[in-house]
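Working notes, beginning with the structure itself.
The values are calculated or read from the model by the stated rules, or taken from the named source; none is laboratory data. Owing to the predicted nature of the structure, the values given are computational and were not obtained by experimental measurement. Here Cβ is always computed from backbone atoms with ideal geometry, including for glycine, and neighbour counts include all displayed protein chains. Just the protein is used for accessible areas: all its heavy atoms, side chains included, with ligands, DNA and RNA removed. Shrake-Rupley method; radii C 1.70, N 1.55, O 1.52, S 1.80 Å.
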Amino acid sequence: MGNNKLKVLLVRPPRIKQAVTLGEFMYAEPIGLECIYAVLKESYEVQILDLMIQGEDFEKTCEAFKPDVVGITSLCIDVKMVKEIARRAKQFNKDVITIVGGTQAYLRPGSFFDESIDHVFCYTTTENLKALFQCIAYGQIPPLMDGILSKAHAYQSTWVFGRNEYIVPDRTSTEKYRKHYSYLGFKPCAIMQTSLGCSKNCDFCLRWRIEGAKEKDIELECIMSQIQDITEASIMIFDNDFLNNKDRLEKFCDLLESLKITKNFICYASVKSIRSHPDTIRRMAKNGLKAVLVGYETFNQEEMINYKKKSTVADSFEAAKILKDIGIDCWASFMLHPDWDGHDFKRFRKTIKELKPEIATFSPLTPFPNLPLYERYKDRLLFDETAYESWSFGKVTIKPSKMTLRQYYGEVLKTILFINLRMNSVPYMIKRFGFATLFRIGLGSIKVLPTYIKLMFES
């Protein structure tokens, strides 16, 4: 192209209508694209297009912006849509360069070996980003590069293992969209990461396999600088276990207090961390920690052991009491095991009632390809791994062993109704978030119900 002022369009695909996800409740900014924007903005003209926003149009944006490069982020459920967007980009301009990255590209890059896709980022670093774009800017065929599989080289690899680099996102890149981004009742809400990896190494979890098997903390001075730049009053910290390091949390509070930063914080945390240092978590509450997402996972101790959880069912009740005593909301998450029968579902609902979380969510156990669980349940899988839109954390992907699939979905429906009508407290929602947010979350719940009813009768 002979031009170092490329126009680069970074795209988040639209929601997949038939996928069952938590998108109605948790609608976060495309932080991966914001990181790419931060690296490229000094050298190229870069724009982010969030197709999850109602009213946005890919063709109209291409017509107005005329991109030379279209980069698309991906989850497993997005594969078909990503390929479609890449094809539409080539139809708009046959010379446009198409690039795919994201979680699915890391886990299953072969999903995107397609005539319409020029480069696949298995992992992203400042170095490989700049190197590839320099080649593109000057019309050169890039050599084999670490972390990038290129169509020009038949998607060959250098076989150099790597992970995504921590890059500070440029949140101004999504300024026009930010009023839409939310996390359950907090809207608008930013998201951020302060640490990579996780030493808990739960058997079902994808994230520590992507980020690393132990924590890699980012300097808190860098984190505070980001928090100061964030305009939203609420921030979701999506570390695997933000509360795991007592000393770091104390320093975090020291810095918040010295800088006079006032924000609402939400985070993920493990039962083990909550039990380890409740006094420090109490201090976090005084510095804005409003809610904690806790993976209780199950009522069954044998399942806890099989999941390689570092806590017991009894520990879950202790953690729940600690959060209640401190006054931090508990947003509990659970997994539905494919070997449950009707009695197990009853025990599950009883456990939720006894734990008394402010909000409860659940999803069927999902053995994503590349996980040991996938091999364990391979003979019972209901979908091929290429049925991408079915791998959404919402659909049952493993054939139940103690009831029919229709009966299993019936129990899922009973549990949805139980949680929404009896457990997720309307007074709590109104007090914490107001009527408008209650209506939005309620509408999201209503939208999920017909999907599960349809799945039940199709089973």
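A compact table of results
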quantity: Given (1) of a type in the set (A, V, I, L, M, F, W, C); (2) open to solvent by 50 Å² or more (accessible area, probe 1.4 Å); (3) part of a loop (DSSP other than H, G, I, E, B); (4) at negative phi, number of the condition Ala152 does not satisfy; calculated: (3)
quantity: So Ile305, is it among the β-branched types (Val, Ile, Thr) and either under 25 Å from Arg209 (Cβ atoms) or surrounded by fewer than 18 Cβ atoms within 10 Å (Cβ to Cβ) (or both); calculated: yes
quantity: Matching residues, segment 287-302, being over 24 Å from the mean Cα position of the chain (by Cα) and in contact (Cβ under 8 Å) with a residue 24 or more places away in the chain; calculated: Asn287, Phe299, Asn300
quantity: Residue in segment 193-208 that is part of a helix (DSSP H, G or I), closer than 17 Å to Leu243 by Cβ and not aromatic (Phe, Trp, Tyr) present; calculated: yes
quantity: Long-range neighbours under 8 Å by Cβ, at least six apart or interchain, first residue in contact (Cβ under 8 Å) with a residue 60 or more places away in the chain within segment 158-175, second basic (Lys, Arg); calculated: Asp170/Lys41; Arg171/Arg178; Ser173/Lys41
quantity: Count of segment 314-338 residues which are of a type in the set (S, T, N, Q) and either in a helix (DSSP H, G or I) or open to solvent by less than 30 Å² (accessible area, probe 1.4 Å) (or both); calculated: 1
quantity: Subset tally (residues that are under 18 Å from Gln301 (Cβ atoms), open to solvent by less than 10 Å² (accessible area, probe 1.4 Å) and part of a loop (DSSP other than H, G, I, E, B)) for segment 339-371; calculated: 2
quantity: Unique residue being open to solvent by less than 50 Å² (accessible area, probe 1.4 Å) and closer than 30 Å to Thr366 by Cα when the list is Cys222, Cys198; calculated: Cys198
quantity: Subset tally (residues that are over 19 Å from Phe299 (Cα atoms), small (Gly, Ala, Ser) and not in a helix (DSSP H, G or I)) for segment 372-415; calculated: 3
quantity: Pair list, Cβ < 8 Å and 6+ apart or interchain, from segment 91-111 residues that are closer than 15 Å to Arg209 by Cβ to residues that are basic (Lys, Arg) and at pLDDT 95 or above; calculated: none
quantity: Checking Asp239 against (1) open to solvent by 20 Å² or more (accessible area, probe 1.4 Å); (2) within 28 Å of Thr172 (Cα to Cα); (3) part of a loop (DSSP other than H, G, I, E, B), the condition it does not meet; calculated: (1)
quantity: Residues that are aromatic (Phe, Trp, Tyr) and touching a Cys at 6+ places or on another chain (Cβ under 8 Å), drawn from segment 306-329; calculated: Tyr307
quantity: Members of segment 273-288 that are assigned to a helix (DSSP H, G or I) and either at pLDDT below 95 or not acidic (Asp, Glu) (or both); calculated: Ser273, Ile274, Arg275, Ser276, Pro278, Thr280, Ile281, Arg282, Arg283, Met284, Ala285, Lys286
quantity: Options Lys251, Lys179, Lys214, Lys187; residue that is of a type in the set (D, E, K, R), under 27 Å from Leu371 (Cβ atoms) and more than 15 Å from the chain's Cα centre (by Cα); calculated: Lys214
quantity: Tally, over segment 242-272, of residues that are part of a loop (DSSP other than H, G, I, E, B) and surrounded by 16 or more Cβ atoms within 10 Å (Cβ to Cβ); calculated: 6
